[in-house]
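J.: Below is one structure. I have some questions about it.
The values are calculated or read from the model by the stated rules, or taken from the named source; none is laboratory data. What you are looking at is a predicted structure, and each value in this text was computed from that prediction instead of being measured. A quick note on method: Cβ atoms are made from the backbone with ideal geometry, for glycine too, and the neighbour counts reach across all protein chains shown. Only protein heavy atoms, including side chains, enter the accessible area calculation; ligands, DNA and RNA are left aside. Shrake-Rupley method; radii C 1.70, N 1.55, O 1.52, S 1.80 Å.
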Amino acid sequence: MTMADPRPSWDEYFMGIAFQVASRATCDRAHVGAVIVRDRRILTTGYNGAPRGLPHCDEVGHLMINGHCVRTLHAEQNAIIQAAYHGISIKGGTIYVTHQPCLTCAKMIINAGLVRVVYAGDYPDEYSVQFLREAGVKLEHFPWPPKGKEAVEEPHLQPSAIQEANPESTFLGHPLGNGAWVRSPLITDAEAIFDAVKRNRHHLMEWLEWAGSIRTPEDEREALRNLLESAARGERIPLSIWVEGNFAGMVELKKLSRGANGEIGYWIGREFQGRGLVTKTVELLLDYGFREMGLHRIQIQAATGNRRSRAIPERLGFTHEGTLREVALLNGAFVDYEVYSILAREWLANRLREP
């Protein structure tokens, strides 16, 4: 997009459609969408889901083999298969994908005659990059949401600490709708997070003691480094929320020492409240914690006076277990905390009842 032409570029246009396609995906490990284009015309689309007529992950759960869910076809595979099924030639076309293709998809892209791959989110598979490069397929990274920059060719992969430690447990990206996006945080996010903390310091310090200790970008960088190191050890899963390229807030699931128990905490900037962003992200972590991590119980604690924070577990069907009296010291006064919890069987039963 330029000042002379306020419309989105063609890459931005088609990548936006790919993200809309991803909203139809049925495997919550990563919602991925693909769009195949030639001469600025859409030929086919695809998203990750089970084969025709078979149950989807969001209906019966994941089918895990060697750390991978094998119940679904990948978005790129479905887009290519749709072309073959309907007799559409995609030779010489471009495929827009919300995530970098895996090696299997890369080989299919090569043999299908596609000449260009434009992707938004990284995926830890260096061999797919190598195969595409050796086959002469043009590979371009188009960050999403866009920030007015042109696509960058031949990217250097920069996985987060969590990806390096355990790629299969990393949230590579998930759309929340209306320009919002959630993904695992990177150390390079420190400045954006610090700016959000600085803008919201008074708002955050009312309920979060740590907000007063983040006074410089370096303070945030050190805090984020510690968070990512903890995540790499498998102790927690942090997710950052972004709206139209701007950092909005953070939600994390951490394991508790008491067996198969976890706890979710969150914060979001005042300007992003009321959009359901934290609730949607908490839902993602509940699904992941119970389905993938095998947790039995997940709790949320919130200060008694923090009605916005308490509304999230109440909205999601948590049980109010009771009040921890004067358990925390905030702004020179002891405050009560409310404890909410939900069990795996309760959450999964609730999901099955959803329309």
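J.: Mind checking Rg over Rh on region 1-122, alpha carbons, Kirkwood formula for Rh?
T.: 1.00
J.: With no solvent and one point per C-alpha, what does the Debye sum give as log10 I(q)/I(0) for region 24-88 at q = 0.13, 0.21, 0.29 Å⁻¹?
T.: Log-scaled intensity ratios, in q order: -0.37, -0.81, -1.22.
J.: Okay, next question. For the chain, what's the relative contact order in percent, using C-alpha pairs closer than 8 Å and at least 6 residues apart?
T.: Once normalised by length, the contact order is 10 percent.
J.: At what distance in angstrom do the alpha carbon centres of region 29-92 and region 299-323 lie from each other?
T.: When both Cα centres are located, 38 Å separates them.
J.: Okay, moving on. Percent of accessible area on the chain owned by carbon and sulfur, 1.4 Å probe?
T.: That fraction is 51 percent.
J.: Taking a Cβ-Cβ separation under 4.7 Å as the criterion for a possible partner, which cysteines of the chain have none?
T.: So, C69, C102, C105.
J.: Give me the compactness ratio for region 266-331, meaning the Cα radius of gyration over 2.2 N^0.38 Å. Intermediate results must be reported in sequence, preceding the final value.
T.: Numbers: Rg = 13.2 Å, N = 66, 2.2 N^0.38 = 10.8 Å.
In units of the globular-protein estimate, region 266-331 measures up at 1.22.
J.: Mind listing the long-range amide H neighbours of L330? Cut-off is under 5 Å, sequence gap 5 or more, other chains count too, H placed in the peptide plane at 1.01 Å from N.
T.: V335
J.: Keeping all protein chains in place, calculate the accessible area per residue for the chain (probe 1.4 angstrom), answer in Å².
T.: It amounts to 50 Å² per residue over the chain.
J.: Can you give the net charge of the other residues whose Cβ lies under 13 Å from the Cβ of A112, counting K and R as +1 and D and E as -1?
T.: For residues surrounding A112, the net value is +3.
J.: Sticking with this structure for a sec: P(r) for region 219-355: what percent of alpha-carbon pairs falls in each 10 Å bin, starting at zero?
T.: Reading the bins upward from 0: 11, 39, 39, 11, 1.
J.: Starting from the Kirkwood Rh over alpha-carbon pairs, what translational D in µm² s⁻¹ does the chain have by Stokes-Einstein at 20 °C and 1.002 mPa s?
T.: In µm²/s, the coefficient is 99.
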